[in-house]
Each structure stands twice: as structure tokens, then as C-alpha cells.
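Working notes, beginning with the structure itself.
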Amino acid sequence: MWWITDNCQTEIVKPNNKGQQISLKASSSDTIQLFLEQVDVPSGVSEYYGYKITYGNDDKNQYINHDDKKTTITVTLTGLNYNTEYQLKVEPYRIMKGVYDNGDGYPMKTFKTKCAVPDHPIFSLNGTSPEVGNYQIVVKYEVPKESRCDYLTSLQIYYHLKDNTSWTLINANLNMDTLIIRTQKPGIYIIKMIATNNQGVKSESESHYVVIKDKYLIGTSSNSSKKTVIIVSTVLVAILVITSVIIGVILIRKRYVIRCIVFKADEEPRSAAGTTDIPLGMTSDGSTINAIGADNPIQQGNENSSDIADIEDENLYVNSVIPVTDFESFVNRKEGNMKNLSREFKTLPASDNTKCKVAITSENSKKNRFDNIYPCVKPETVYDFWKMIWQYHINSIVMLTNIMEDNKESSPRPIYHFQFLSWTEKGGLLYGPSTLLHFHKRVHLFDSQRTGPLVVHCGTGVGRTGTFIALDILLQQIVQEKGVNVYGCVKTLRQQRMQMVQTQGQYVLLHDIILESIIVGKTSYSCSTLSDELKNISAFDGNGECELDRQFKLLSKWKDLQKDQMKDGSLEENKHKNRVPDVIPGESDRPYLSTQAVGCNNYINAVYVDSFRKHNCYIVTQMPLPETQVDLWRLVYDHHIKCIIMLNELDASDESSKQYWSDEESVVFGPLRVQLMATFRTSKDIIIREFMVDLIQEEVTFVSIKTIIRN
């Protein structure tokens, strides 16, 4: 470019970037500070030099003056959005005689603002009765709507006695709205909540006081007469006419009352005079608190739930519909810590046999298969069972038990109906959640025109039955509400029949099946349509992806085993036996070695795997290391293996993958002798070897080993 001045041509040097850079100095939720290395400009000229910075979706511009005295200047961009990426375009420019001229720009840079402070948590406090537990406080809270980041990681409640400055921490459930604090004694408690987002930015609520007075026992004890007069006099003011009735009820039920005053931390605690006694089992707004505490023990409870006082997490679980889009992260949080899911399961309503008056009468007691579960099909109830089928116009029956279980005859008259054979009472689903989903679909395809109820039963009529019914309800809820509430569904079922979804394992399984139905979709196909289906799922869309790729990527979503499920494989004495440190067998699926060998224990890096129709059909293991060759042959001997399939070639350069047999003579591996008897090459890709394996000085066991080698 040329400028014409005084009839002379003068070449003008543009302010070009020659390797100068932009770097981040600091950032906040709404500000980014940058270091800008300045371009070289000619000295002694009157031109005006500067920098034009363009950023944001709306291409905001900011102009910065060139500073001749510095090589680097600081640029501050303000008014930005939190947790947002900004792409910066910087162009040096100059203005001479009113003409703007820009030079070569800086390399494009992307910077991101930090997260902001989340919305402040909001909560209120209510006193409770001993039906929840003595000296306990119910906290009703609202999870902040805005994390001002990607998501909230925690919502925590802190509390302490006024005279003790040491805070006690409780983690609140982000999917719930109520939590119970179990205090140890009466007094003035200070409570606050803190919300934290995934960048660690916290917001703190206002602190509140709650005053818990000593408990008052109304009833039989003579030394409590003064306390009785205090409470009864309060009641007389409001309901003098029916005082005698109230006293009678209280004498019978021996309930406690805890007085509670709530006010903000900037107020002084008021005296107890004039406060209101909160009705037992109610919050101050009149809503019922459904919880189980130390003074309301479980009767006929779930497996491992006889002592609810063992629950350390104070979350009170309430009905909450989880949106389908959030259910995967919800399950990951739940199952990421099985202890939390176990505690949630223990809060489900327990059995109450007192409500089953008809079932426990003398004429009906013989019809109950189990003493604590009412009612169920037995030989004596076959007539009643078919009478029910006729009377209620049943046209489908779902049977979730085998004819024989634990060598006991569960149902003496097999009939034509939907029977699911892959779900044992003690072992769970044999072939994964998808099989039960497929079974459920087949039931509804056949049963879509039914006019009466659907009869579902297993052995007890509560465990597998409750799980199947809950699955049916929740799948319908997903379609109609685009959300799912597993806890609320099971809680409602237990109010209709005791112990529905009987075990914690079934409760976890229910979450897994629902999750699979949400994120996986259809993956099973009919043989008659397989060819067409394969073409459809292999077809690429506009983004260059296909359904087959999507299904494969979904496999990465399934969780690895947790450390406490791989204890033996993680022991120091066994770590050297794992070829890949991250590939460790789970305790529940690994085969144990029983044949004794010097310096060996019962561990081998191997697991049982099911086939489509057979449980524990395969044992999957690694290529043995030199020090674990003896363990492989112990596995063959102990578990009566007749065939081994080898899918890798031997690599002479790999010292960790040596041949674990001899081609010429017998070899002793610990207590076992292994001898090659014959070798056949059936094709260029397949070699079959036959071995004789025997326990030294014991009977001989013949083993055929098939080795597939890909050349």
C-alpha cells in the first residue's frame, strides 16, 4: 500500500504480527486477563497504532492502544458469561490521516471463563417426634436450580451446638428434598447448607438456629408428672372438651413431644414460652413425615435391614421423578457408592403382617406358602388360584419361577403360560437385563388385548414378582411422563403387598434394567428380518455414523467393577499374577483353585461367563505368565476342563508369553504332570493337541486341548 504525500511516494510499513503471542494471565467467571506481546512498529512516526480484539458469538470489539514503552501489555475483557469459551481474534492496526489499516493478525486463541457461584441453597427446619427419632431435626431443602457451571457435585449440611464450634457434615441427596439430622442431645443448634459445583465453587446459605427442648414422656411414670402437667395444660387451652380422650390416647401410645423453635442466625433465640407443640409425625405445615427411626423399629423387614439405626447417611428418601435424560447420571451416582443404594433400600417400608387379617385366620393360614408372606399359590390354593383366574377374566399368567428350585417342587401343575426360566431365586438373572426386557416385551405383545388384570407370580410372590411389576410400571411411566421414580414405585408396591422387590440385589437390578431400556433401545432382531435389520443399522447417516457404531459406543457406558468387588485380585500377593493390572476378576465370578501347590493360593486371573442358555458355560482367562502356568493346569484339573481354546500365537521374543506345554516330553507343574499325546493340524489355521493330565500318584484325567492359531 502507498500513501501520496507532498507529491512524493512513501512506503508505509504495516503493523504485522511476526510470531508475537497471546497468553492467559488470569480469569474469573466474567473476566479474562491476557498477556499480549506487541508487534514491532517504526519509531519516530506520527501514526496511531493499536490492537483490535474481537470475541464472543456477537463479535464484540475492544480496541487497545499500543504502548511504545513495553514489549507486553495486559488486556482485560469484562462482562463475559461464566463457564463459557471465547475465541479471540487480535489484529494490529494503525490509523494515519483518518485511514484505518490492519496488519497480519495473531494466531487465534480460545479461552474459557471460570464457573460462577451457584444459587444459594434454601432450607427450612421442623421438629419431629420419636417416630422419626429422639432429638432429630427434619431439614426441608431446595437444590439450587443453577450450578453456574456444568453441574452440582455436592449439597452439604453443616450443624453444631451453639457452645461447640466444631461443625458436623452431612451430604444431602441432590435428587431428594428432605433430610433428617440425628442429634445426640437437646440444645441450640446452628445449621447451614453449602452447595458446590464441579469446579469447586461454593455458595453458602444463611445460618439458622433450631432449639430442641428436652423430651417429655406423658404416661405412667410418677417422676414425669410435672412434665405431664406442662403439656396437658397447653392442650387444654385449645381443646378442653376432649382432654380426657387425648390423655387416654397418650397414655396408651406413650408418645414423646419435642419442642422446636426456628429463627435466623441474626436473631436471638426466643424463650420456649408461646411456642407450638408440633403434632407427632407431622411437620409444621401439616404434612406427614414418613420415616422409620430408632423408636419405630422395623418388623418383618428386608434382608439385612433389621436395624435401621445402622444407617449413617441421614437422607430421607421421598418420591421424586427423575427425568429420563438424567437417569443415567442418577444411577451412576447411586451405584458408584453401593453403600448409599443399600441405605436407600433399607428405608423402604417394611412388612406389616398385622394388616393381613384374612390371610392369618385359622382357615387360611395353611394356604400361605411362607409364615411371613401372605398370600401365595400352594397345593391347597390351586382351586382358589383358578377361581381367581375365572372371576377376574384373566387371560395371561406370568410365571417367574422354575418348576423345581433347590430340589423343591414350587408349583405342582405346569400350565401353558409365560414362564421365565433364567431368573433364579438366589442367583439373580443368568443372562443380563436385556433378557428380562425381551421377556417383558413378549408378554405385552401377547397380552395387549387383555380385559382383566395380569397375574404375576414367582416362588414367594414378592421378590422377582415385585421386580417384574415395578419394571412394567416404570416402563409405562417413562413413556407417559418422560421420567422415572424407582424408589417411589417400590414404596407404593410395598404398601400393597409386603416385601415387594425383596432384596437389595433386585433393587439394584431394577435400576440397571431401566437404565438399559433408556439408553440402549432395540438391539435384538428376529432371524427372519435380520438381513434387512443389519442393512439398516449399518447405513451411515449425514454425520458419517451408523446405528451399529452407536451400539458399540454404548458398551463403554457400562461400569467396571468397583475395587471392593475385586479384593483378591488386588492383593499384593496376587498382583504379579495379573498380566494387565486393570483387568482383574470379580470375587463373585472367579473360579477358585483347590489343588494344593507350593507357593500358590486359590487365585487365578479368570472368570466364569454365561452362554445364551447356560450358566457358567465358559471360563475366560489370560495367556498364563511363566509363574502362573501351574495355576492354569490346576484350573484345568480342579474344574474338569475338557477343552481349551487358544486365540493367540506364541511370540518367541516375548518372555512373558512362553509355551505352557512341552512338545516332546511330559512336564511337571506343581502337583500335576502334563504330557502331550498327539498333535493334529486340520488346516493352516487350526492345530489340535491332546494332553494327558494327572495328579502325581493319583488317578489319571484325560484332557483334549483345541488351540486355534491365526497365522
**Q.** Total residues in the range 452-495, condition closer than 28 Å to Leu421 by Cβ and outside any helix (DSSP H, G or I)
**A.** 12
Q | Residues being within 29 Å of Gly461 (Cβ to Cβ) and either touching a Lys or Arg at 6+ places or on another chain (Cβ under 8 Å) or at pLDDT 90 or above (or both) - total across the range 514-528 | A | 1
Q. Do any helices (runs of 4 or more DSSP H) lying entirely in the range 497-579 carry at least 3 residues that are farther than 30 Å from Pro624 by Cα, and which ones are they?
A. 504-519, 530-538, 547-554
Q) What tally of residues in the range 21-47 results from selecting those that are at pLDDT below 85, among the β-branched types (Val, Ile, Thr) and surrounded by 13 or more Cβ atoms within 10 Å (Cβ to Cβ)? A) 3
Q: For the range 173-193, name all the residues that are in a loop (DSSP other than H, G, I, E, B) and closer than 23 Å to Glu344 by Cα.
A: Asn173, Leu174, Asn175, Met176, Asp177, Thr183, Gln184
Q: Residues that are in contact (Cβ under 8 Å) with a residue 60 or more places away in the chain: find the strands (runs of 3 or more DSSP E) completely inside the range 628-699 holding 2 or more of those.
A: 686-695
Q: Identify, from the list Val443, Val484, Val462, Val455, the residue that is farther than 15 Å from Met399 by Cα and among the aliphatic types (A, V, I, L, M).
A: Val484
Q. Inside the range 606-658, can you point out the residues that are in contact with a helix residue (DSSP H, G or I) (Cβ under 8 Å, 6 or more places away or on another chain) and of a type in the set (D, E, K, R)?
A. Glu655, Lys658
Q) Does Gln476 satisfy being in the same structural domain as Phe385 (by TED's automatic domain parsing), farther than 18 Å from Val331 by Cβ and free of Cβ contacts under 8 Å to residues at least 12 places away in the same chain? A) yes
Q: Scan the range 52-76 for residues that are at pLDDT below 80 and in a strand (DSSP E or B) and jot them down.
A: Lys60, Asn61, Gln62, Tyr63, Ile64, Asn65
Q | Residues located in the range 590-626, provided they are buried (at least 16 other Cβ atoms within 10 Å of the Cβ), free of Cβ contacts under 8 Å to residues at least 40 places away in the same chain and either more than 24 Å from Ser657 (Cα to Cα) or of a type in the set (A, V, I, L, M, F, W, C) (or both) | A | Ile604, Ala606, Val607, Ile619
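The values are calculated or read from the model by the stated rules, or taken from the named source; none is laboratory data. What you see is a predicted model; the values in this text were computed from it and never measured. Glycine gets a Cβ as well: all are built from the backbone with ideal geometry, and neighbour counts include every protein chain shown.
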